[in-house]
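Student: Structure provided below as structure tokens; questions to follow.
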Amino acid sequence: MRYRWFVREEDRTDEFGNPVSRAVHDEALQTKKTGYARGELLAIVIVAFILLYEWVTDDGPLIMICVSFLVHEMRPLAPLFFGEHGKAVSNAMRGFSIALFVGALVWTFL
């Protein structure tokens, strides 16, 4: 079976006839824009309503789980607001959401 890197024949060579590697080809592609899928937006809305309900009923561990999920889902927005430091902030948000989730689980079973 032939290895299919390129769909079209002209993408296999550059303007001088030299073969183009997959890395060079991938660098020329446009980057995908990150956005939320419909299911992710629905999950964010549902968790926000659960968070409001649990705030009224004063259920601490479930509030922390909801906050953890919302922080995790807001990670793609960090590069938009923090520019060049966005990736570091996004990674910090991921760590914070995981720590918050584990802490909420420990709090639930205490």
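The values are calculated or read from the model by the stated rules, or taken from the named source; none is laboratory data. Note that this is a predicted model, so its numbers are computed, not measured. Methodologically, a virtual Cβ is constructed for each residue, glycine included, from the backbone with ideal geometry; neighbour enumeration extends over all protein chains shown.
Student: For the range 55-73, which residues satisfy the criterion of being touching a helix residue (DSSP H, G or I) at 6+ places or on another chain (Cβ under 7 Å) and either hydroxyl-bearing (Ser, Thr, Tyr) or under 19 Å from Tyr36 (Cα atoms) (or both)?
Tutor: Selection gives Cys66, Val67, Ser68, Phe69, Leu70, Val71, His72, Glu73.
Student: Something else about it: Determine, yes or no, whether Leu105 is out of contact with any Pro (no Cβ under 6 Å at 6 or more places or on another chain), loosely packed, with under 15 Cβ neighbours inside 10 Å, part of a helix (DSSP H, G or I) and touching a residue at least 24 places away in the same chain (Cβ under 8 Å).
Tutor: Against the criterion (out of contact with any Pro (no Cβ under 6 Å at 6 or more places or on another chain), loosely packed, with under 15 Cβ neighbours inside 10 Å, part of a helix (DSSP H, G or I) and touching a residue at least 24 places away in the same chain (Cβ under 8 Å)), Leu105 qualifies.
Student: Please enumerate the residues belonging to the range 74-110 that are under 19 Å from Lys32 (Cα atoms) and among the aliphatic types (A, V, I, L, M).
Tutor: Of everything in the range 74-110, those that are under 19 Å from Lys32 (Cα atoms) and among the aliphatic types (A, V, I, L, M) turn out to be Met74, Leu77, Ala78, Leu80.
Matching residues to (1) of a type outside the set (A, V, I, L, M, F, W, C); (2) at pLDDT 95 or above:
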| position | (1), (2) |
| --- | --- |
| Val67 | no, yes |
| Met74 | no, no |
| Pro79 | yes, no |
| Glu84 | yes, no |
| Lys87 | yes, no |
| Ala92 | no, yes |
| Val102 | no, yes |
| Thr108 | yes, no |
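Student: In the range 1-14, what residues are charged (D, E, K, R) and either at pLDDT 70 or above or assigned to a loop (DSSP other than H, G, I, E, B) (or both)?
Tutor: Initially, the range 1-14 is screened for residues charged (D, E, K, R), giving 2, 4, 8-12, 14.
Arg2, Arg4, Arg8, Arg12, Asp14, listed by residue number.
Student: Within the range 58-65, does at least one residue satisfy the condition of being loosely packed, with under 14 Cβ neighbours inside 10 Å and within 12 Å of the chain's Cα centre (by Cα)?
Tutor: no
Student: So, one more: Identify, from the list Leu42, Leu51, the residue that is touching a residue at least 12 places away in the same chain (Cβ under 8 Å) and not in a loop (DSSP other than H, G, I, E, B).
Tutor: It is Leu51.
Student: Now for a separate question. Take the range 15-34 and flag every residue that is in contact with a helix residue (DSSP H, G or I) (Cβ under 8 Å, 6 or more places away or on another chain) and either modelled with pLDDT of 70 or more or assigned to a loop (DSSP other than H, G, I, E, B) (or both).
Tutor: Pro19, Val20, Thr34
Student: Does Ala78 count as crowded, with 17+ Cβ neighbours inside 10 Å and not hydroxyl-bearing (Ser, Thr, Tyr)?
Tutor: Yes; evaluated as a whole, the condition is true for this residue.
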